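Heads up, the thing below is written out as structure tokens.
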Amino acid sequence: MIKLIQIELIKIFSRFRSYIGFIAIIFIVLLLEISILIDGEQILKFITQNLEDSFYLKGNLLNGYLISYVILNTLWIHIPLLVTIVTGDLIAGESNSGTFRMILSRPVDRSKLLIAKYISGFIYSTILVIILGLTSLGLGIGFFGKGDLIIISTKINILPENELLWRFFAAFGFGIISMLVITSLSLLFSVCSNNSISPIILTMVVIILFSVITSFQIPFFSGIRKILFTTYFNSWRLLFEFSVDYHKLIVSLLHLIINSMLFFGISFFIFKKKDILS
Amino acid sequence: MDIKIIEISDLYKSFGVIKAVDGINLSVYKGDIFGFLGPNGAGKSTTIRMLLSLIYPDKGSIKIFGKELFQNRIEILKKIGALIERPNFYEYLSAYRNLEILAKYSKINTSKNKIFEILEFVGLKDRIHSKVSTFSQGMKQRLGLAQAILSDPDLIILDEPLNGLDPQGIKDIRNLILFLNKECGKTIFLSSHILHEIELISSRLVIINKGKTIIEGNVSDLLQNGDMRVSVYVKNINDAFDFIKSSSFINLFEKRENDILYFKMKKDDIPKLNRYLTEKGIDIFSIKSVNTLEDYFINITEA
């Protein structure tokens, strides 16, 4: 199994398309941070102008942590696309190019091959999230320094600087599990498809559709909303509440893991029975 | 005693309403170069894919090396090398890297030198580290053959191995197949549209059509079966043709081309025709059987 994973990783990292995600993340984060560096103070003034009537705000508010938090909020829906470019191609790409004939006519166990591809895809998406984390935090702190984090939503959370690092690490850890769902879903579409584009499009369509259902608070969708993985996608924000609701966080994680296993289970069943016609 | 390497019995496979394979039976023996023929859509590729467990049959049995394929898949595939239709590789990797990866999939410990040797054997010595994306179709075909023999298999399944090759390439691959069979004792299962090649190198063959086995047997026996096409190359064709017209041989006459007369006749009629023309003072340069596998194939598949 280790050998199979090694082979899959060699294949992933020998292709240019695998680096598109890394380059895109570094470029976007850099672009956002530079733009905030130029216009950030004005934006911060605009955001905090109502608070300044009631509070006295002191210290470096426009710091690396705030920037990372903003970037996380902004990019969270885009990262799945970058993940899917690679994971959606894991099976469909081989079907499309005909290399599956070469592999599966060798003494390779289909189950082990699929698991190896799944693990490799997960490793890739994990690296992508780690790069997002390191880039946004590293560059953020480098450009803007450290400080407390003020989050204004329905309430104001002011998180002290010494508590922030573990919260960010946990948030990125949660992000890795979210990307596991994306890897599993794109693998499912990849198993069902013989071309590389369909799994990417279908995964994105599902994410958008589910996100719309999740965000529209219409009673009609209330039953289904609970089982959709997108409902739990934003639960990383719980980690930036003053007191973290761990129960809610664990339930969210369980939902994401169950969704992943369900998608992988269906992929596994289809792949075992699949005729290789390409 | 002949050892059966492949035994297919009553094999069926449908895709929706299309019956791709409709009860094929065949046997391949140890040491055969077995030709697998059929017109387009006859079910050849589906059968070959079932032989490699890429497609699951609806019904029937495939035994390879005496064991049921789908119950002993891994064990059997360890002893098979295959090239199916056009060879597809990881275009972004070199020839060497592709073979290294495929060797790992085959669970064989192949040294760098062994891979170099195989690439040299198929004539790709100078392109070992070139990306496959820079290869011509002929070079990919050679690399396809290299990956098929990588694990030193007992049975080699080749589906259209001559596609995209120039005449020299065809000759090289033909010699390679003969070498693998005669010198290395490999059993070869060969499907090709180039019937002349099958005729040149196969010992036995099967012809399938519409998913069914039409005929299976020894190549020379099949070609000698029934009427033969015979060409007679003479010095004076006009005189020769006049004598033919005034004899019963006119019933066997087919056509004339340049200095050659063509007949369709039984084997026993050949010496009679030879004697008749000689007695009439016609100089004969040659009398040849021009029965080809192509004629036989067209006759049998059209029938």
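The values are calculated or read from the model by the stated rules, or taken from the named source; none is laboratory data. This one's a predicted model, so the numbers in the text were calculated from it and none came from an experiment. Here the Cβ is made from the backbone with ideal geometry for all residues, glycine too, and neighbour counts use every protein chain on show.
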| Residue in the stretch A:185-193 that is more than 25 Å from A:SER136 (Cβ to Cβ), not in a helix (DSSP H, G or I) and not aliphatic (A, V, I, L, M) present | yes
| task | Output the residues belonging to the stretch A:1-10 that are free of Cβ contacts under 8 Å to residues at least 24 places away in the same chain and within 13 Å of A:TYR124 (Cα to Cα). | result | A:GLN6, A:ILE10
| task | State whether one or more residues within the stretch B:106-120 are of a type outside the set (Lys, Arg), within 25 Å of A:LYS273 (Cα to Cα), assigned by TED's automatic domain parsing to the domain that holds B:SER130 and assigned to a loop (DSSP other than H, G, I, E, B). | result | yes
| request: Would you confirm whether any residue within the stretch B:152-161 is more than 28 Å from B:MET50 (Cβ to Cβ), more than 8 Å from chain A (Cβ to nearest Cβ) and surrounded by fewer than 22 Cβ atoms within 10 Å (Cβ to Cβ)? | output: no
| field | Sole exception among (1) at pLDDT below 90; (2) at the interface with another protein chain (Cβ under 7 Å from one of its Cβ atoms) for B:LEU52, by number | value | (1)
| query | When you scan the stretch A:59-101 for helices (runs of 4 or more DSSP H) that lie fully inside it, which ones turn up with 2 or more residues that are under 15 Å from A:PHE172 (Cβ atoms) and either touching a residue at least 12 places away in the same chain (Cβ under 8 Å) or within 14 Å of another protein chain (Cβ to nearest Cβ) (or both)? | reply | A:64-75, A:79-87
| said: I'd like to check which helices (runs of 4 or more DSSP H) are fully inside the stretch B:217-293 and have at least 1 residues that are farther than 30 Å from B:SER27 by Cα and modelled with pLDDT under 90. | reply: B:237-245, B:269-279
| query | In the stretch B:167-199, how many residues are under 12 Å from the mean Cα position of the chain (by Cα), free of Cβ contacts under 8 Å to residues at least 60 places away in the same chain and in a loop (DSSP other than H, G, I, E, B)? | reply | 2
| note | Of (1) among the β-branched types (Val, Ile, Thr); (2) closer than 21 Å to B:SER289 by Cβ; (3) outside the structural domain of B:ILE284 (by TED's automatic domain parsing), B:VAL206 fails just (2)
| Which members of the stretch B:1-46 meet the condition of being part of a strand (DSSP E or B) and either outside the structural domain of B:ASN209 (by TED's automatic domain parsing) or of a type in the set (Asp, Glu) (or both)? | B:GLU7, B:ASP10, B:ASP22
| query | Looking at (1) more than 9 Å from chain A (Cβ to nearest Cβ); (2) surrounded by 22 or more Cβ atoms within 10 Å (Cβ to Cβ); (3) in a loop (DSSP other than H, G, I, E, B), which is the only condition B:PHE89 fails? | reply | (1)
| said: For B:GLU216, only one of the following conditions fails: (1) touching a Pro at 6+ places or on another chain (Cβ under 8 Å); (2) among the charged types (D, E, K, R); (3) closer than 22 Å to B:ILE298 by Cβ. What is its number? | reply: (1)
